[in-house]
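Worksheet: the structure to be examined is printed underneath.
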Amino acid sequence: MIPSDLEIAQAAEMLPITEIARNMGLEEDEIELYGKYKAKINFEQVLERLKDRPDAKYIDVTAITPTPLGEGKTVTSIGLTQALGKIGKNVILTLREPSLGPVFGIKGGAAGGGYSQVVPMEDLNLHFTGDIHAVGAANNLLAAMIDTSILLGNPLNIDPLTISWRRVVDISDRALRDIVIGLGGRENGYPRQTGYDITVASEVMAILALAKNLRDLRERLGRIVVAYTYDGKPVTAEDLKAAGAMTVLLKEALKPNLIQTLEHQPCIMHAGPFANIAHGNNSVVADLVALKCADYVVTESGFGADCGAEKMMNIKVRALGKSPDCVVITCTIRALKMHGGAFTVRPGKPIDEELVKKENMPALEEGTGNLLKMIENMKLFGLPVVVTINKRVTDTDKEIELVKKLAEQAGVVACVPIEVWAKGGEGGREAAEAVVEACNQPKEFKFLYELDWPIKKKIETIATKIYGADGVDYTPLAEQKIKQYTEAGWDKLPICMAKTHLSLSHDPNLKGVPKGFRLPVVDIRPSIGAGFLYPLCGAMRTMPGLPSRPAAVDVDIDENGRTVGLF
């Protein structure tokens, strides 16, 4: 019987973070300690010292369209890192920071699971080094300065009906999605309708993840568009004179955080932008450091290859200046059967284990189409692909062999089962060898679209080539925004599609490889500081809600002061 994730993490023998830093070649004055097992990296100092060192091989881990429970992508990323260590490679892992919303909601944290975890697990899943709190403070400072400016004379001529900037809190709290502020008299401001997002959905978080240095951060914050004037001109954080103070609040948060895997490989965990509203990848500065301090760097893109990985290639790679050497697509037999119609998964509802345990080869073969589409998507970027099957005890050899056969026919370098949850790095040796082989193959990286293409052409390229849509339908509002943004010169920005992660399409109920659909674009919004436009493909929740039985109910402190129930 494998212990709980928390029990495994609490029993782990961690190395002092100073030793982890020394092992990856950092000098004493290049880290700032946050206790014994966490540190921040003075990344500008490191990058200057190591600027002439060649970059590591760069591996992006993505997935099929997941079920609401996830398919173990972070487990795969951590397990692959540990496995590369097992075969003697100098490797660093880079991950996003977890939000308290999922931690206390349904899905859980972002520390992996079983014997493929990063630690200290409690710290990183809770307050960690305070980065997300800093993002929230910077976001809410700007919000307060907007309302104050309007109340005290409105010198910028802001039209309150155009304010798009919302407040944030890092807890899933659906009651805050739509609220009215400014009640209680004139001294409290003008009443208006607004709402809260979860902190990781803030544009400030997307900016933190894409900024290359402190000056870049300052400039990006200044470019945030929060509203429009009565005569239609954009109002920015720079106009409100908020960007300087926001930068000061984020100065320490910009430094990436250093922790470790259970098998003592370095993990740089930094930033946590949403993968369906923003670009869903960890920070540029974390990867820049890792690429200079290792021979192999494993990173992870949020959700499936149609979401975070597409945005990795078209948005993050442009900011980073480095493309992956290979892509790993992880899947589970369970999820592929679901995509083939064997059963339905609903958030917060347990899966009928009888449906999972039974062989259903027709459903599995049908559902594997989703995997094949994700392989095709990644090959559009000219990259070698490795598929990993995150093996569960109920999976049969016959099921594994079918998926392997179909994936290999699709032209992957290898398709291998992994057992890293149960066995740690030892359970991923074959995958590690396959990744090394894939990284040595020639790549011909190419972007899916050019930045100088018109907005519609970029959107339609993503919709037809990545999602498999027949075309795109725009509402009058979206048409108006396209005209407005083109006139403003924002049409040269990358596109960050905002859509469900539960389907290749815009409809979460369409599983497998949907056909015969058109993608609706209901609105397009600007994230000028982050540096992209995001079309909304249907209603998007930027503030999750808790389930009827949230994970929070199991979390407590025992008589010895130890945390219990946290996964």
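For the stretch 434-567, what is the charge dipole size about the Cα centre, in debye to the nearest 20, if Lys and Arg each add +1 at the Cβ and Asp and Glu each add -1 at the Cβ? Provide the component values of the computation, followed by the final result.
Details: 17 positive and 16 negative charges, 85 e Å.
Dipole size: approximately 400 debye.
Classify the stretch 496-557 from the C-alpha gyration tensor, please: rounded if a/c falls under 1.5, else prolate or oblate depending on whether a/b exceeds b/c. Write down the numbers at each step before the final one.
Working: a/c = 3.13, a/b = 1.44, b/c = 2.18.
Oblate, since a/c reaches 1.5 and b/c is not below a/b.
Which value, in Å², gives the accessible area per residue of the chain when a 1.4 Å probe is used on the protein heavy atoms? Walk me through the numbers on the way to the answer.
Details: 21960 Å² over 567 residues.
Here the residues of the chain average 39 Å² of exposed surface.
Calculate, for Ile2 and Lys51, the FRET efficiency according to 1/(1 + (r/R0)^6) with r their C-beta to C-beta distance and R0 51 Å; round to the nearest 0.05. Each step should come with its number before you reach the end.
Working: r = 44 Å, r/R0 = 0.86.
Taking R0 as 51 Å, the efficiency between Ile2 and Lys51 is 0.70.
Once you list every other residue whose beta carbon is under 10 Å from the beta carbon of Ser77, what net charge do they have if Lys and Arg are +1 and Asp and Glu are -1?
On the way: positive: Lys73; negative: Asp60, Glu300.
Neighbour charge sum, excluding Ser77 itself: -1.
Cα atoms only: what Rg and Dmax, in Å, come out for the chain?
Cα radius of gyration and Dmax of the chain are 22.9, 72 Å respectively.
Ranked highest first by the average count of other Cβ atoms within 10 Å around their residues, in what order do 11-18, 37-44, 513-520 fall? Before the final figure, lay out each step's value.
On the way: 11-18: 14.6, 37-44: 21.2, 513-520: 16.9.
My ranking of the peptides, most packed first, is 37-44, 513-520, 11-18.
What percentage of the solvent-accessible surface of the stretch 4-112, computed with a 1.4 Å probe over protein heavy atoms, is contributed by carbon and sulfur atoms?
On the way: 1950 of 4190 Å².
For the stretch 4-112, the apolar C and S fraction of the accessible surface comes to 46 percent.
Go through Lys73/Lys373; Lys404/Lys443; Lys311/Lys457; Lys89/Lys373 and tell me which ones have a Cα-Cα distance over 21 Å in this structure.
Lys404/Lys443; Lys89/Lys373
Roughly what % of DSSP beta bridges within the stretch 431-551 run antiparallel, to the nearest 5? Mind dumping the intermediate values first?
On the way: 5 of 11 bridges.
Within the stretch 431-551, antiparallel bridges account for around 45 percent of the total.
Excluding Leu214 itself, what net charge comes from residues whose Cβ is under 9 Å from its Cβ, given Lys and Arg +1 and Asp and Glu -1?
Numbers: positive: Arg215, Arg218, Lys251; negative: Glu44, Asp216.
Net of charged neighbours comes to +1.
Show me the ranking of peptides 498-504, 23-29, 84-90 by mean Cβ neighbours inside 10 Å, starting with the highest. Don't jump to the answer; show the numbers that get you there.
Numbers: 498-504: 23.9, 23-29: 14.7, 84-90: 17.9.
Ranked from most to least packed, the peptides come out as 498-504, 84-90, 23-29.
Quick one: Cα centre-to-centre distance for the stretch 383-418 and the stretch 64-98, in angstrom?
17
Of Gly561, Ala335, Asn188, whose Cα points farthest to the positive end of the dipole of the chain (charges on the beta-carbon: +1 Lys, Arg; -1 Asp, Glu; origin at the Cα centre)?
Result: Asn188, furthest along the dipole toward the positive end.
Return a single number: how many Lys pairs in the stretch 181-302, at a sequence separation of 8 or more or on separate chains, have alpha-carbon atoms below 18 angstrom apart. Spell out each step's value before the answer.
Values: Lys212/Lys251; Lys212/Lys255; Lys212/Lys292; Lys233/Lys241; Lys241/Lys251; Lys255/Lys292.
Total qualifying Lys-Lys pairs in the stretch 181-302 comes to 6.
Summing +1 for each Lys or Arg and -1 for each Asp or Glu, what net charge is found among the other residues whose Cβ lies under 10 Å from the Cβ of Glu252? All intermediate terms of the calculation are to be shown ahead of the outcome.
Numbers: positive: Lys40, Lys251, Lys255; negative: Glu32, Asp131.
Local net charge: +1.
Using the crude model of +1 on Lys and Arg Cβ and -1 on Asp and Glu Cβ, and no other charge, please compute the dipole size for the stretch 101-238 relative to its Cα centre, in debye to 20.
Details: 13 positive and 15 negative charges, 43 e Å.
Dipole about the Cα centre, nearest 20: 200 debye.
So which trypsin sites (Lys or Arg not before Pro) in the stretch 209-269 pass both tests, a DSSP loop state and at most 15 other Cβ atoms within 10 Å of the Cβ? Present the calculation step by step, with values, prior to reporting the outcome.
On the way: sites: Lys212, Arg215, Arg218, Arg220, Arg223, Lys241, Lys251; in loops: Lys212, Arg223, Lys241, Lys251.
Here the trypsin sites (Lys or Arg not before Pro) that fit, given the DSSP loop and packing criteria, are Lys241, Lys251.
Roughly speaking, what is the centre-to-centre gap between the stretch 483-512 and the stretch 513-567 when only Cα atoms are used, to the nearest Å?
One Cα centre to the other: 17 Å.
Rounded, prolate or oblate for the stretch 328-434? Axes are the square roots of the Cα gyration tensor eigenvalues, ordered a ≥ b ≥ c, and the cut-off for rounded is a/c under 1.5. Don't skip to the answer; put the middle values down first.
Details: a/c = 1.81, a/b = 1.29, b/c = 1.40.
Oblate, because a/c is 1.5 or more while a/b does not exceed b/c.
Return the FRET efficiency for the residue pair Lys398, Leu126: r is the Cβ-Cβ distance, R0 is 56 Å, and the value is rounded to the nearest 0.05. Intermediate values should be presented prior to the final figure.
Details: r = 43 Å, r/R0 = 0.76.
Rounded to the nearest 0.05, the efficiency is 0.85.
So what is the diffusion coefficient of the stretch 222-331 in µm² per second by Stokes-Einstein at 37 °C and 0.692 mPa s, using a Kirkwood Rh over Cα pairs? Working shown, then result.
Numbers: Rh = 16.3 Å.
It comes out at roughly 202 µm²/s.
For the chain, what does the helix formula give at 222 nm: sum of -39500 (n - 2.57) over DSSP H segments with n ≥ 4, over the residue count, nearest 500 deg cm²/dmol? Intermediate values should be presented prior to the final figure.
Values: 21 runs with 187 residues, N = 567.
Calculated mean residue ellipticity at 222 nm is -9500 deg cm²/dmol.
If packing is taken as the mean number of other Cβ atoms within 10 Å per residue, what is the order of 283-295, 409-421, 162-174, 178-190, highest first?
Order by mean packing, descending: 283-295, 409-421, 162-174, 178-190.
Output the DSSP H helices from the chain with an along-axis C-alpha extent of no less than 20 Å and a mean Kyte-Doolittle hydropathy no less than -1.0.
Numbers: long enough: 131-151 (30 Å, 1.00); 361-379 (26 Å, -0.26).
Helix filter hits for the chain: 131-151, 361-379.
Where the only charges are on Cβ atoms (+1 Lys, Arg; -1 Asp, Glu), what is the dipole of the stretch 462-525 about its Cα centre, to the nearest 20 debye?
Values: 9 positive and 7 negative charges, 43 e Å.
Rounded to the nearest 20 debye, it is 200 debye.
The values are calculated or read from the model by the stated rules, or taken from the named source; none is laboratory data. None of these values were measured; they are calculated from a predicted model. Methodologically, a virtual Cβ is constructed for each residue, glycine included, from the backbone with ideal geometry; neighbour enumeration extends over all protein chains shown. Just so you know, the surface numbers come from the protein's heavy atoms only, side chains and all, with ligands and any DNA or RNA stripped out. Shrake-Rupley method; radii C 1.70, N 1.55, O 1.52, S 1.80 Å.
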